[in-house]
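I have placed the structure first, in the form of structure tokens, so that the comments after it can refer back to it.
The values are calculated or read from the model by the stated rules, or taken from the named source; none is laboratory data. Note that the coordinates shown come from a computational prediction; the quantities given were computed from them, not determined experimentally. For neighbour counting, all protein chains shown are included, and Cβ atoms are generated from backbone atoms with ideal geometry for every residue, glycine included. For the accessible areas, the whole protein counts, side chains as well, though only heavy atoms, and no ligand, DNA or RNA atoms are used. Shrake-Rupley method; radii C 1.70, N 1.55, O 1.52, S 1.80 Å.
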Amino acid sequence: MGDLPLDINIQEPRWDQSTFLGRARHFFTVTDPRNLLLSGAQLEASRNIVQNYRAGVVTPGLTEDQLWRAKYVYDSAFHPDTGEKVVLIGRMSAQVPMNMTITGCMLTFYRKTPTVVFWQWVNQSFNAVVNYSNRSGDAPITVGQLGTAYVSATTGAVATALGLKSLTKHLPPLVGRFVPFAAVAAANCINIPLMRQRELQVGIPVTDEEGRRLGHSVAAAKQGIFQVVISRICMAIPAMAIPPVIMDALEKKDFLKRRPWLGAPLQVGLVGFCLVFATPLCCALFPQRSSLHVSRLEPELRAQIH
């Protein structure tokens with residue numbers, strides 16, 4: 001008596017994913033940087049709770065809140081398809097601290113060509129780790145696809161940054177501060193479609209409301225990838241557009257002129273503050289499982305559905 005019932009669906013997020021608020025609450029939990037501080041023993045304990053519950057075994061004294069906490073800790077560290085522990089910097093909970101550091105440095109060291117190249121390379125290397133760590137089990141990424149996407153995105157980001165940097169030499173300094181954002185946006189437009197090129201070739205699974213698989217659709221893949229690109233660019237806007245304006249104003253003040261060493265940590269802190277909110281809120285812009293009108297699917301799949 002008093003044991004937790006076995007009908008709680010921990011395969012799905014805790015909150016209603018058909019609403020923006022529900023998705024936002026889900027992603028605030030998924031991207032919580034505090035999960036990075038959990039020990040290996042705590043991660044294993046959460047994995048045992050989740051795997052036992054799925055097998056029909058309830059840990060004695062377990063509450064529903066504790067079950068959901070264990071589920072989100074498990075999801076934060078282990079791959080959903082393979083069950084492997086994800087490398088630390090590839091986890092969703094590492095998105096804010098990693099992007100905070102890299103973006104802050106991109107915005108701080110944008111004046112000299114070597115530092116522009118270096119930080120754009122670091123950013124795309126980090127993206128490659130994240131994309132590989134969170135690869136889909138249904139459409140796995142090959143080493144060749146990963147390498148092509150990595151080289152193409154890095155080249156695109158560096159070329160965009162250097163090209164715009166040369167164009168802004170005679171413009172106000174504030175304009176130059178937005179060059180890193182343009183480079184990151186361009187890289188996202190290259191990196192994500194290349195990383196998910198297999199989905200554009202063979203399509204992604206399409207199901208009905210009951211979850212029965214009806215086939216694969218390239219049209220659905222295009223919509224999904226487009227939404228990912230939009231959310232990634234929107235995610236970068238607050239962190240790469242607001243701090244430059246603030247820093248441009250602060251650097252004209254005597255306080256920072258007398259303490260130039262404060263510039264980099266202050267910029268990183270501003271970026272981090274923006275990312276804490278922008279990361280989960282922009283992840284929540286679109287549902288992870290979306291609907292598509294049958295008329296927009298391929299003729300063969302349409303005919304099969306009808």
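Set side by side, the residues 16, 7 differ, and just one is among the acidic types (Asp, Glu) and surrounded by fewer than 12 Cβ atoms within 10 Å (Cβ to Cβ), which is 7. Restricting attention to region 74-93, the residues that are more than 17 Å from residue 13 (Cβ to Cβ) and aliphatic (A, V, I, L, M) add up to 4.
Kindly provide the set of residues from region 104-125 that are at pLDDT 85 or above and among the β-branched types (Val, Ile, Thr), ordered by number. If the condition is that a residue be at pLDDT 85 or above and among the β-branched types (Val, Ile, Thr), then 115, 117, 122 are the ones that fit.
A quick yes/no check of all residues on (1) touching an Asp or Glu at 6+ places or on another chain (Cβ under 6 Å); (2) surrounded by fewer than 16 Cβ atoms within 10 Å (Cβ to Cβ); (3) modelled with pLDDT of 80 or more:
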site	(1), (2), (3)
127	no, no, yes
134	no, yes, no
142	no, yes, no
155	no, yes, yes
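Answer yes if at least one residue in region 91-112 is over 24 Å from residue 276 (Cβ atoms) and open to solvent by 20 Å² or more (accessible area, probe 1.4 Å), and no otherwise. Yes, region 91-112 has at least one match. The residues of region 160-201 that are without any contact (Cβ under 8 Å) to a residue 12 or more places away in the chain and either under 16 Å from residue 104 (Cα atoms) or part of a helix (DSSP H, G or I) (or both), listed by number, are 163, 166, 167, 175.
The rows are residues; the columns are (1) assigned to a helix (DSSP H, G or I); (2) closer than 16 Å to residue 80 by Cα; (3) under 17 Å from the mean Cα position of the chain (by Cα); (4) modelled with pLDDT under 90.
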residue	(1), (2), (3), (4)
6	no, no, no, yes
10	no, yes, no, yes
18	no, no, no, yes
21	yes, no, no, no
25	yes, no, yes, no
36	yes, no, yes, yes
43	yes, yes, no, no
52	yes, yes, no, yes
56	no, no, no, yes
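Here residue 242 meets each of (1) free of Cβ contacts under 8 Å to residues at least 24 places away in the same chain; (2) farther than 30 Å from residue 289 by Cα with one exception, condition (1). In region 158-181, of all residues being open to solvent by less than 30 Å² (accessible area, probe 1.4 Å) and among the aliphatic types (A, V, I, L, M), the one that is modelled with the highest pLDDT corresponds to 158. All of 250, 270, 266, 285 fail the test of being under 30 Å from residue 205 (Cα atoms) and touching a residue at least 12 places away in the same chain (Cβ under 8 Å), apart from 285.
Based on this model, can you work out whether residue 274 counts as in contact with a His (Cβ under 9 Å, 6 or more places away or on another chain), under 26 Å from residue 103 (Cα atoms) and either among the basic types (Lys, Arg) or open to solvent by less than 50 Å² (accessible area, probe 1.4 Å) (or both)?
So residue 274 does not fit the description; no.
Within region 58-80, no residue satisfies the criterion of being hydroxyl-bearing (Ser, Thr, Tyr), in a helix (DSSP H, G or I) and free of Cβ contacts under 8 Å to residues at least 12 places away in the same chain.
Being in contact with a Phe, Trp or Tyr (Cβ under 8 Å, 6 or more places away or on another chain) and either in contact (Cβ under 8 Å) with a residue 12 or more places away in the chain or polar (S, T, N, Q) (or both) is not true of residue 223.
Among the residues of region 202-220, those that are in contact (Cβ under 8 Å) with a residue 12 or more places away in the chain and assigned to a strand (DSSP E or B) comprise 204, 205, 206, 214, 215, 216, 217.
So that you can scan it fast, the table gives a plain yes or no per residue for (1) open to solvent by 30 Å² or more (accessible area, probe 1.4 Å); (2) under 22 Å from residue 281 (Cβ atoms):
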position: 53; (1), (2): no, no
position: 66; (1), (2): yes, no
position: 72; (1), (2): no, yes
position: 79; (1), (2): no, no
position: 83; (1), (2): no, no
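Do we find a residue being open to solvent by 60 Å² or more (accessible area, probe 1.4 Å), over 23 Å from residue 111 (Cβ atoms) and part of a helix (DSSP H, G or I) anywhere in region 249-264? No, region 249-264 has no match at all.
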